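Below: the structure, in structure tokens.
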Amino acid sequence: TQLLEQSPQFLSIQEGENLTVYCNSSSVFSSLQWYRQEPGEGPVLLVTVVTGGEVKKLKRLTFQFGDARKDSSLHITAAQPGDTGLYLCAGATSGTYKYIFGTGTRLKVLA
Amino acid sequence: NAGVTQTPKFRILKIGQSMTLQCTQDMNHNYMYWYRQDPGMGLKLIYYSVGAGITDKGEVPNGYNVSRSTTEDFPLRLELAAPSQTSVYFCASSAPSEETQYFGPGTRLLVL
């Protein structure tokens, strides 16, 4: 059974702080995605990474795919209250259309 | 542009009752998915489909059934509702040419 474990599970920080969320697995993924979900809504895609070692930036968010394509990280610089939400990683293995979602990291940024 | 729509938004079922959760997408996507999300958790794949007439099991298919008679619709059927099926159900779709999954707003189901 493939598992994607995220850490930390919960994170409460002050506005302006930096943070990193991790997504780890023993399985190799052909691509890995990061989503943000707000209460009462479905997840919304932030980014997809497909190449080992790939780094993508989305404003204050930096995403990295591990060299072996088994793990990923999301780094937020100078967090803002608008970053509050549930962050989910999801991986797909080569040749399948099935996505395995991580356990989620719930972030709260206090003003 | 509606995207992925789900009905109903909320439903309370008694143990043993059955119901169908509806999902429709207007983006002509081949791939469609059903997930469940328990409180504070990630999503678990129930069933998925790569095109009309083709469906396959995900991680947690027991207690559910699906059909895909058209590209647009992918209903999820619960035959004998159990308290363990209390959850939020999300439908999603994607195109073969892109990795992005587009999610519906979810159906909240409470089984008592």
Compute the distance from the alpha-carbon center of the stretch A:1-39 to that of the stretch A:63-111, in whole Å. 4 Å
Which one, B:GLY51, B:GLY40, B:GLY63, has the greatest fluctuation when you compute a Gaussian network model over chain B with C-alpha springs under 10 angstrom? B:GLY40
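Quick one: net charge around B:SER67, please, counting Lys, Arg +1 and Asp, Glu -1 for every other residue with C-beta under 15 Å from its C-beta.
Working: positive: B:LYS57, B:ARG68, B:ARG77; negative: B:ASP56, B:GLU72, B:ASP73, B:GLU79.
Within the 15 Å Cβ shell, the charges total -1.
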Between B:ASP26 and A:GLU17, with labels modelled 7 Å along Cα→Cβ, what's the label distance in nm to one decimal, could you check? 4.4 nm
Counting other Cβ atoms within 10 Å of each Cβ, which trypsin sites (Lys or Arg not before Pro) in the stretch A:1-103 have at most 11 and sit in a DSSP loop? A:LYS59
Beyond 25 Å, what share of the Cα-Cα pairs of chain A remains, rounded to the nearest whole percent? 16 percent
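Relative to the Cα centre, what is the charge dipole magnitude of chain B, using +1 at the beta carbon of each Lys and Arg, -1 at the beta carbon of each Asp and Glu, and rounding to the nearest 20 debye? Show your work: numbers first, answer last.
On the way: 9 positive and 9 negative charges, 100 e Å.
Dipole about the Cα centre, nearest 20: 480 debye.
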Based solely on C-alpha atoms, express the radius of gyration and the Dmax of chain B in angstrom. 13.2, 42
Might you report the magnitude of the Cβ-based charge dipole of the protein assembly as shown about its Cα centre, with Lys and Arg at +1 and Asp and Glu at -1, to the nearest 20 debye? 340 debye
Counting only protein heavy atoms, what percent of the accessible surface of chain A is carbon or sulfur at a 1.4 Å probe? 49 percent
Intensity falloff of the protein assembly as shown expressed as log10 I(q)/I(0), Debye formula with alpha-carbon point scatterers, at q = 0.16, 0.17 Å⁻¹: -1.10, -1.21
Hey, got the dipole for chain A? About the Cα centre, +1 on K and R Cβ, -1 on D and E Cβ, debye to the nearest 20? 180 debye
Once you place label points 7 Å from the Cα toward the Cβ at B:PHE10 and A:ASN24, how far apart are they in nm? 3.9 nm
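For B:ALA2 and B:ASP73, calculate 0.36 nm times their separation in residues minus their Cα-Cα distance, and state this gained length in nm to one decimal. Kindly include the intermediate steps, with their values, before the conclusion.
Numbers: separation 71, 0.36 × 71 = 25.56 nm, distance 1.35 nm.
Result: 24.2 nm gained on full extension.
Just check the stretch B:42-87 against the gyration tensor rule for me: Cα atoms, a ≥ b ≥ c as the square roots of the eigenvalues, rounded for a/c under 1.5, and otherwise prolate or oblate depending on whether a/b exceeds b/c. Don't skip to the answer; put the middle values down first.
Numbers: a/c = 2.39, a/b = 1.69, b/c = 1.41.
Note, shape of the stretch B:42-87 comes out prolate.
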Measuring with a 1.4 Å probe in the full set of protein chains, what accessible area per residue, in whole Å², belongs to chain B? 47 Å²
What does the average come to when, for each residue of peptide A:98-108, you count the partner chain Cβ atoms lying within 10 Å of its Cβ? 4
Name the residue farthest towards the positive end of the dipole of chain B from the options B:ALA95, B:HIS29, B:TYR48, assuming +1 on Cβ of Lys and Arg, -1 on Cβ of Asp and Glu, about the Cα centre. B:TYR48
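Name the trypsin sites (Lys or Arg not before Pro) in the stretch B:3-63 that are in a loop by DSSP and that have at most 16 other C-beta atoms within 10 Å, would you? Intermediate values should be presented prior to the final figure.
Numbers: sites: B:LYS9, B:ARG11, B:LYS14, B:ARG36, B:LYS44, B:LYS57; in loops: B:LYS9, B:LYS14.
Filter output for the stretch B:3-63: B:LYS9, B:LYS14.
The values are calculated or read from the model by the stated rules, or taken from the named source; none is laboratory data. For clarity, every value in this text was computed on a predicted model and none was experimentally measured. Don't worry about glycine lacking a Cβ; one is built from the backbone with ideal geometry, like all the others, and counts go over all protein chains shown. With ligands, DNA and RNA removed, areas are computed over all heavy atoms of the protein, side chains included. Shrake-Rupley method; radii C 1.70, N 1.55, O 1.52, S 1.80 Å.
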